[in-house]
């Protein structure tokens, strides 16, 4: 993920795959959270979360490990695991394996903890291309809104989180588009924001 604009490297950039796996899945779920698609559509998200949001990001994270990118490895493996957690939560609850009726604000607190993790990952983007800064900025705020919405039952917060999640997922898909297009053309065609030079 660090090297989203560098050209001429012999290895393929795994961030292109990880970002689209994250982005596409996030947009679909966020459309439901925002109330633009029916809540009954959540079962459609489950296989996408397992296959594309989960598995593809885990694969991308493993490849980030191979190219010695600590940030990319941590991000893709973690959010790949998030999608597996979310899909399994829906599957288990929907099939009576677990009972969430007495869970109270626990799911909301879990989302808030994901927000804390994303907040410190966002700080890591201060030295990365601007597209990653924007993705992680919108993501930690999305988790904050969704977590507060789930913990308090405030539907307005969940809808706001869904709307911001659409933006976040769209930014991730744009980042993937830029990496793929720039690599294909061998030059910067799609701007992703230069990596800041910090002392």
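The values are calculated or read from the model by the stated rules, or taken from the named source; none is laboratory data. As the structure is a computational prediction, the values presented were derived from the model and not from experiment. All Cβ positions, even for glycine, are placed from backbone atoms using ideal geometry, and neighbour counts span all protein chains on display.
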Take residue 173 and tell me if it is touching a residue at least 60 places away in the same chain (Cβ under 8 Å) and closer than 30 Å to residue 190 by Cα.
yes
I need every pair where a residue in the range 24-40 that is under 15 Å from residue 160 (Cβ atoms) has its Cβ under 6 Å from the Cβ of a residue that is in a loop (DSSP other than H, G, I, E, B), sequence separation at least 6 or different chains.
31/37
Please work out if residue 90 is in a loop (DSSP other than H, G, I, E, B) and touching a helix residue (DSSP H, G or I) at 6+ places or on another chain (Cβ under 7 Å).
no
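Identify all residues within the range 126-147 that are farther than 18 Å from residue 82 by Cα, buried (at least 21 other Cβ atoms within 10 Å of the Cβ) and touching a helix residue (DSSP H, G or I) at 6+ places or on another chain (Cβ under 6 Å); write none if there are none. Give the derivation first.
In the first step, residues of the range 126-147 are kept if they are farther than 18 Å from residue 82 by Cα; the result is 126-134.
Filter again for buried (at least 21 other Cβ atoms within 10 Å of the Cβ), leaving 128-129, 131-132.
The answer is 131, 132.
Return a yes/no flag: does the range 185-197 have any residue that is outside any loop (DSSP other than H, G, I, E, B), within 24 Å of residue 123 (Cβ to Cβ) and without any contact (Cβ under 8 Å) to a residue 40 or more places away in the chain. Give the steps one after another, and end with the answer.
The initial filter retains those residues of the range 185-197 that are outside any loop (DSSP other than H, G, I, E, B), namely 185.
Keeping just the survivors that are within 24 Å of residue 123 (Cβ to Cβ) gives none.
No, there is no match, as no residue in the range 185-197 is outside any loop (DSSP other than H, G, I, E, B), within 24 Å of residue 123 (Cβ to Cβ) and without any contact (Cβ under 8 Å) to a residue 40 or more places away in the chain.
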The one condition in (1) over 18 Å from the mean Cα position of the chain (by Cα); (2) under 23 Å from residue 192 (Cβ atoms) that residue 104 fails to fulfil
(2)
Take residue 180 and tell me if it is over 17 Å from the mean Cα position of the chain (by Cα), at pLDDT 95 or above and buried (at least 16 other Cβ atoms within 10 Å of the Cβ).
yes
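Without any contact (Cβ under 8 Å) to a residue 40 or more places away in the chain and assigned to a helix (DSSP H, G or I): is that true of residue 144 in this structure? Quick ask: steps written out before the conclusion?
Values: without any contact (Cβ under 8 Å) to a residue 40 or more places away in the chain: yes; assigned to a helix (DSSP H, G or I): yes.
The answer is yes for residue 144.
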Going by what's in this entry, would residue 132 be described as without any contact (Cβ under 8 Å) to a residue 40 or more places away in the chain, under 15 Å from the mean Cα position of the chain (by Cα) and not in a loop (DSSP other than H, G, I, E, B)?
no
